[in-house]
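Visitor: Mind looking over this structure? Questions follow.
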């Protein structure tokens, strides 16, 4: 078989890793696919920039057409990022019958369905393992390893930046702002961290994962998102005291035919395997009807880990080329999308209140909860430094989201409640 | 496409699960493979036995030929266990051009290579995901998800029985014998637990995993095995005190072109993700040159989890049938087997000694170690109840196995040493 020619779109962190792995692991690639794999052309923004990988300057181009229109290029690997331009490039590549491997979650969360359709129409593979949780082969595990099972829930720590920040806040008792600055200095957070700390990055990954795991077209807009910018060290410490650890948690939950997908800071029992996922590591907990609980853990980002997923996808593409079966991945979702309404989303909650320390306050709050049929699992009450005020922290039993939001609204109107300080979902005890 | 017909060899725990999943998830299977999947015949030992799954009695047979010789049966699923007879059945099935899915680690560890060759010659698939770590899709992750990477080390908790026993011993401070009896009563250990507690079961899985992960034909005889029967609660408690947790650990390690595969009770730092794998759960930690550290966690046994892996393999077979590409899995190992000799196996060690409590004892022991160029990382010394004796517990720095075994031999000959009580490998700090 002739050598396989790759066109690489982008030579940033991940692109550099791809070049390195193709070079360093050429023997293994040869053994697996039976022919050499060469990078033929690389699209860059700047032809003369200093790079951490040695690349023959004749490989570089600033013109995407040098890749898209080259009939000798078999596979386009997209690691340039961005959405609209990149979508154009990939659609053109697919129409030129080039297979595509992408690490681009932003793109896949928004245009994944369209791209997969076009790939299918053109008999091309479109693989995107690297778009979710970097080096963890989670999409493949959902699609193949658990192919026979019915996935009922996925919980993911799928953003390394926020996990790093929450780990440091929790371990060192530091405030969000201080840790964020530190993370930026160390390269764990971007100069503009908005899409990480705001939860958007995690939401994109959850949309991709939920679409695949539930075989249902989940759009980014279907994902309810809350970031970590309002998480305080007090919340973390109270959580700890009650036996919980805070994580920015992606949740994709299915009951019957209805699903819920969300991203929010949530508390997990500290004994839960996800609670031990520290620093920039990622992990995805998967519940299957038959298999029960499984977890996939590893680096969620980084040059070489992410490139491993990209090049492993490339191996899949080339194996399919040899067998002549590209474009055979089923793309039609099995189910129509049905989202749960707020009355069907059930969870426990952590709630922290400042109340006026008067006789009967606690009874008033308790009866408000019991009017909505919600009871407490754990309660902590202590006086505040500020005279006449007390702090109450509760963990509720299961409550529907709509019910719980009504409670929050009424609490805010209650004269004895000075302030609702914070409120988080509590996860990790499986009821399915 | 016509319905796919399955012949099932065995209707025990896993076989029952396979029947249930094929029934309960028929919709999902149909969606994935595009045609119905039916169990046509089931080989059993006893036609009239009471079973936990409803099966039409006309499906049952005691004659393997009813499956092997039936030209309408496309895929043979082997969940009957056993080695020599079963090997015959599967060789015959493959020669009749039937694809095979097996959950049989005993068979695959011994005859895997032969079976794969025959499958390849007959253009058949032979999949065996369920043979290692039940519901965890670890073989697929090694073969596909990490296809582009060079695996340098795998550490596995791959036997649920021993992990259950060590967890209980550690958490409740109980002795091995007591916990074993309890485990047998609860169904976590067999009436004859020899192959579990002796490490053979784990060794078979490590041989299968190392062969795949290192692309090298590792035989069961290549795996050094030590079981947990001599582990004492004292060892666990001393381990804990020094920050370690005991696990029956399968280790497959590669340096350069040489490998080492072993199974033994070993100590891991309690903060290591594998140390949190409790009870009957399994997990495999994988180090790749590029990806770094990943972990795969889940149920290692059980009817439905194991059956999930079997039926997911079946989905793979049927997808290949639709595409006409069965038997395309590469079977030739990339590397000649090269095993490390004991001088090349490096590790830290935990060592517990009873010594005569005399002046200069400690110096004598220390100098023995330093004569072999081995130094200590941690030392614990305390008097024993028995007068004139003291207990010494040390954790060494890295030492070669041959060096360490010389030290052990010399210690046993040292007059001041009354007894070498126990010695374990210490793992979990990655030097690769």
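Each reported figure results from applying straightforward, stated rules to the coordinates on display, with no laboratory input. Everything numeric in this text was worked out from a predicted model, so none of it was measured. Here the Cβ positions follow ideal geometry from the backbone for every residue, glycine too, while neighbour counts run over all protein chains shown.
Visitor: Considering the alpha-carbon set of chain B alone, what are its Rg and its Dmax in angstrom?
Guide: Just the Cα atoms of chain B yield Rg and Dmax of 24.2, 84 Å.
Visitor: Specify the angular offset, from 0 to 90 degrees and rounded to the nearest 10, of the alpha carbon long axis of helix B:200-214 from the longest principal axis of the alpha carbons in chain B.
Guide: It works out to around 80 degrees.
Visitor: Still on this structure, please answer the following. When DSSP beta bridges are limited to those with both residues in chain A, what percentage is antiparallel, rounded to the nearest 5?
Guide: Of those bridges, close to 70 percent are antiparallel.
Visitor: I'm checking a number: the convex hull volume of the Cα atoms of the stretch B:73-196, normalised per residue, in Å³. What is it? Intermediate values should be presented prior to the final figure.
Guide: On the way: hull volume 18.0 nm³, N = 124.
Normalising the Cα hull of the stretch B:73-196 by residue number yields 145 Å³.
Visitor: On C-alpha positions alone, give me the angle between the axis of helix B:401-413 and the longest principal axis of chain B, in degrees, nearest 10.
Guide: It is inclined by approximately 50 degrees.
Visitor: Cut-off 10 angstrom, C-alpha nodes, Gaussian network model of chain B. Which of B:298, B:199, B:250 fluctuates the most?
Guide: In this elastic network of chain B, the residue with the biggest mean-square fluctuation among B:298, B:199, B:250 is B:298.
Visitor: For label points placed 7 Å from Cα toward Cβ, what is the shortest-first list of nm distances from residue A:382 to its copies?
Guide: 3.3
Visitor: For the protein assembly as shown, what is the Kirkwood hydrodynamic radius in Å, using each pair of distinct C-alpha atoms? Before the final figure, lay out the partial values.
Guide: On the way: mean 1/r = 0.0343 Å⁻¹.
So the Kirkwood estimate lands at 29.1 Å.
Visitor: Sort A:422, A:58 so that the residue with the fewest other Cβ atoms within 10 Å of its own Cβ comes first and the one with the most comes last. Could you put the intermediate results ahead of the total?
Guide: Details: A:422 17, A:58 7.
The fewest-first ordering by Cβ neighbours comes to A:58, A:422.
Visitor: Now for a separate question. What per residue convex hull volume, in Å³, do the alpha-carbon atoms of the stretch A:222-336 yield? Display every interim value, and only then the final one.
Guide: Details: hull volume 18.8 nm³, N = 115.
Spelled out: Cα convex hull of the stretch A:222-336, divided by residues, is 164 Å³.
Visitor: May I have the convex hull volume per residue, in Å³, for the Cα set of the stretch B:138-299? Please list the in-between numbers first.
Guide: Working: hull volume 17.2 nm³, N = 162.
Measuring per residue, one finds 106 Å³ for the Cα hull of the stretch B:138-299.
Visitor: OK, next. Which order do B:362, B:350 fall in if you start with the one that has the fewest other Cβ atoms within 10 Å? Can you show the working numbers first?
Guide: Details: B:362 16, B:350 23.
Ordered by Cβ neighbours within 10 Å, fewest first: B:362, B:350.
Visitor: Calculate the mean, over all residues of peptide A:303-310, of how many other protein chain Cβ atoms lie within 10 angstrom of the residue's Cβ. Could you put the intermediate results ahead of the total?
Guide: Working: counts 1, 6, 7, 2, 4, 12, 7, 1.
Neighbouring Cβ atoms belonging to other protein chains average 5 per residue here.
Visitor: Over the alpha-carbon set of the stretch B:346-426, work out the extent along each principal axis and list the three values in angstrom, largest first.
Guide: For the stretch B:346-426, the Cα extents along the three principal axes come out at 37, 20, 16 Å.
Visitor: Going by how many other Cβ atoms sit within 10 Å of their own, how do B:86, B:396, A:61 line up, fewest first?
Guide: Sorted ascending by nearby Cβ count, the order is A:61, B:86, B:396.
Visitor: At residue A:175 and residue A:429, where each label point lies 7 Å from the Cα along Cα→Cβ, what is the point-to-point distance in nanometres?
Guide: Calculated label separation equals 3.5 nm.
Visitor: Same structure again: Expressed as an acute angle from 0 to 90° and rounded to the nearest 10, what is the orientation of the C-alpha long axis of helix B:361-371 relative to the principal long axis of chain B?
Guide: Around 60 degrees separate the two axes.
Visitor: Ignoring everything except DSSP H segments at least 4 long, calculate the 222 nm mean residue ellipticity for chain A; use -39,500 (n - 2.57) per segment, divide by total residues, nearest 500. Mind dumping the intermediate values first?
Guide: Values: 13 runs with 150 residues, N = 432.
Taking each H run of at least 4 residues, the total per residue is -10500 deg cm²/dmol.
Visitor: Shifting gears a bit: For B:138-144, what's the mean count of beta carbons from other chains sitting within 10 Å of each residue's beta carbon? Could the numbers behind the result be given before it?
Guide: Working: counts 2, 1, 7, 9, 1, 3, 11.
The mean count of partner-chain Cβ atoms within 10 Å per residue comes to 5.
Visitor: Between residue B:51 and residue A:322, with labels modelled 7 Å along Cα→Cβ, what's the label distance in nm to one decimal, could you check?
Guide: 3.9
Visitor: Give, in nm to one decimal, the length gained when the segment between residue B:421 and residue B:182 is fully stretched (0.36 nm per residue of separation minus the Cα-Cα distance).
Guide: Details: separation 239, 0.36 × 239 = 86.04 nm, distance 2.58 nm.
Result: 83.5 nm gained on full extension.
Visitor: In peptide B:315-325, what is the residue-averaged number of other protein chain Cβ atoms found within 10 Å of each Cβ?
Guide: Shielding by partners across B:315-325 averages 3.
Visitor: Additional query: Determine the distance separating the Cα centre of the stretch A:1-63 from the Cα centre of the stretch B:401-427; give it in Å without decimals.
Guide: 52
Visitor: Let me ask something else. Can you give the % of DSSP beta bridges in the protein assembly as shown that are antiparallel, to the nearest 5?
Guide: Numbers: 111 of 158 bridges.
Of all bridge pairs located within the protein assembly as shown, approximately 70 percent are antiparallel.
Visitor: Could I ask something else about it? Relative contact order of the stretch B:69-188: what whole-number percent is it, with Cα pairs under 8 angstrom and at least 6 residues apart? Please list the in-between numbers first.
Guide: Numbers: 121 pairs, mean separation 21.1, N = 120.
Relative contact order, the stretch B:69-188: 18 percent.
Visitor: Please state the relative contact order of chain A as a whole percent: Cα pairs under 8 Å, 6+ residues apart?
Guide: Working: 882 pairs, mean separation 70.2, N = 432.
Normalised by residue count, the contact order of chain A is 16 percent.
Visitor: What spacing in nm lies between the two simple spin-label points modelled at residue A:346 and residue A:65, each 7 Å away from Cα in the Cβ direction?
Guide: The two pseudo-label positions are separated by 6.1 nm.
Visitor: Any idea what the residue A:123 label distances to the other copies are, label 7 Å down the Cα→Cβ vector, nm, shortest first?
Guide: In nanometres, ordered from closest: 2.0.
Visitor: If you don't mind, there's one more thing I want to ask. When each copy gets a label point 7 Å from Cα toward the beta-carbon at residue A:258, what are the spacings between them in nm, shortest first?
Guide: 6.3
Visitor: While we're looking at this one, here's another question. Which of the peptides B:143-151, B:111-119 is most tightly packed, and how do the rest follow, judged by the mean count of other Cβ atoms within 10 Å per residue? Provide the component values of the computation, followed by the final result.
Guide: Numbers: B:143-151: 24.2, B:111-119: 19.3.
Order by mean packing, descending: B:143-151, B:111-119.
Visitor: On a full-extension model of 0.36 nm per residue, what is the gain between residue B:26 and residue B:358, subtracting their alpha-carbon distance, rounded to one decimal in nm?
Guide: Working: separation 332, 0.36 × 332 = 119.52 nm, distance 7.31 nm.
In short, 112.2 nm is gained.
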